[in-house]
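One structure below.
Here, each number is a calculation from the coordinates, and none is a lab measurement. Note that the structure is predicted; figures quoted are calculated from it, not measured. Because the Cβ atoms are built from the backbone with ideal geometry, glycine has one as well, and the counts that use them run over all protein chains shown.
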Amino acid sequence: MNVFFTDLLMAVFENHTAGRVTLYSVPGCLQCLQAKAALQALKLPVCDVDVSNDAAVRTWLDKMTGSSTVPQIFFNDIHIGGNDILQNLTTEELEPLVRLVKEKPVPPEALPLPAVTSPGSIKRDSRAITASELSEALRNLIMNLYSDHLSADGKSVDYKGLSKSTWYERYCELAVYLQRLDLLSLTHEERLAFFINVHNVLVIHGFLRLGFPKNMWQRLQIKDNDDVQFFNYVSYLIGGEVFTLQDIKNGVLRGNRKGIAQLLKPFSKNDPRLQVALPEPEPFIHFALNSGAKSCPAIRTYTPKDIGNQLQMAAEAFLEADNGCIVDSIKREVKISQIFKWYKADFGDTDEQMLNWILNHMRDSHKKTCLKTLLSTGNVNVSYMAYDCATNSTD
């Protein structure tokens, strides 16, 4: 459903709701979660009925709908079908259904509910959803957020518009389920994509809740006279453990290495979060993670499938841009992002090793040819560009 039309419908139907939407579902169903989020975005009351343990209701549902799949959705007693049909309803098709629920009560005994109402009968949460399913659902919502509120180059965010987005509301609702995620069930590729995507959207979430830091000091401080660091404070509860932005970046994705101004590693040897940390630092993550500053790499979403190539492409794009790397053949100087200074240990012990890493991960271009020529003759000067820490807001 188009977000504009959804917002329009929400504005039109603000009166008392007489009826309800009944959603027949089973635990762990991604389509059911997506349908429920879409319905709740319309501000409609949803009765979410778990049919997995009620044979009578399931038999009735199969007979009534002619389908054994879930979800099956009813606006009062009007059956529309599953999530795919719901998501593709036009405004003209959706408006009378919403009006029906707003204005008319459900006919008596029109739809069967479980004979015994128990915590498992009408589903209040999604305990059985798998880690990979939730990760994919979150990524889809993040993609919708970005498509509407991210600049074409991925460098700027319309925070004001995003804060009012229906997709943002849906994301916040689904993010609650992170606390039940089984991180150890994720593959290496799934873990890599999941934590990159979560880091980037958590920065946005933190900015919207706490305000925008405008310089490096404010990035370290949430507010004046407060010694709690933003990146050490903003966090999600994932799989029963708290993960701050620092924990995600330096603990998980950098293989538990110290970050900027950190005296200790994020995770101690007895920390359960150490189990989900990558075995070795992944240098490519520095071109995928965005901390909300103008000089940060572009924001993208990442999928587990072929993530290696996705990260390679992100590195190539960053190094090709002038805020990533500049090669001056006349001065025999290579100017690079402060990222390489802050996290030099991830790219090599010496300037030569670091520059060779950069060379090996550049796309074929004139810049790469110039760098290769400089390195072949030695005596290359390395300098670091100023880092613009102003917030990457479109405003």
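Structure above, values below:
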read-out	value
Computed over segment 312-384, the ratio Rg/Rh where both radii use C-alpha atoms and Rh is Kirkwood	0.91
Nearest 10 degrees, 0 to 90: helix 351-360 Cα axis against the chain principal axis	50 degrees
Whether segment 131-281 is rounded, prolate or oblate, judged on the alpha carbon gyration tensor where a/c under 1.5 counts as rounded	oblate
Out-of-range pairs (alpha-carbon distance over 18 Å; input Lys331/Lys367; Lys155/Lys305; Lys155/Lys341; Lys331/Lys368; Lys155/Lys368)	Lys155/Lys305; Lys155/Lys341; Lys155/Lys368
Nearest 10 degrees, 0 to 90: helix 55-65 Cα axis against the chain principal axis	90 degrees
Chain lengthening between Asp148 and Val242 when straightened (0.36 nm per residue, less Cα-Cα)	30.9 nm
Between helix 188-210 and the chain: long-axis angle, C-alpha atoms, 0 to 90°, nearest 10	80 degrees
Ascending count of other beta-carbon atoms within 10 Å, so fewest first, for Glu282, Glu352	Glu352, Glu282
Two-site label geometry, Ser67 and Lys160: point separation in nm, points 7 Å out along Cα→Cβ	4.1 nm
Correct option for Rg and Dmax of the Cα atoms in Å [calculated from the coordinates] among (1) 25.7, 90; (2) 27.4, 85; (3) 24.9, 86	(3)
Sparse-neighbourhood loop sites, trypsin sites (Lys or Arg not before Pro) in segment 287-395 - DSSP loop, at most 11 other Cβ within 10 angstrom	Lys305, Lys331
Fewest-first ranking of Val334, Val70, Val242, Val57, using other Cβ atoms within 10 Å as the exposure measure	Val242, Val57, Val70, Val334
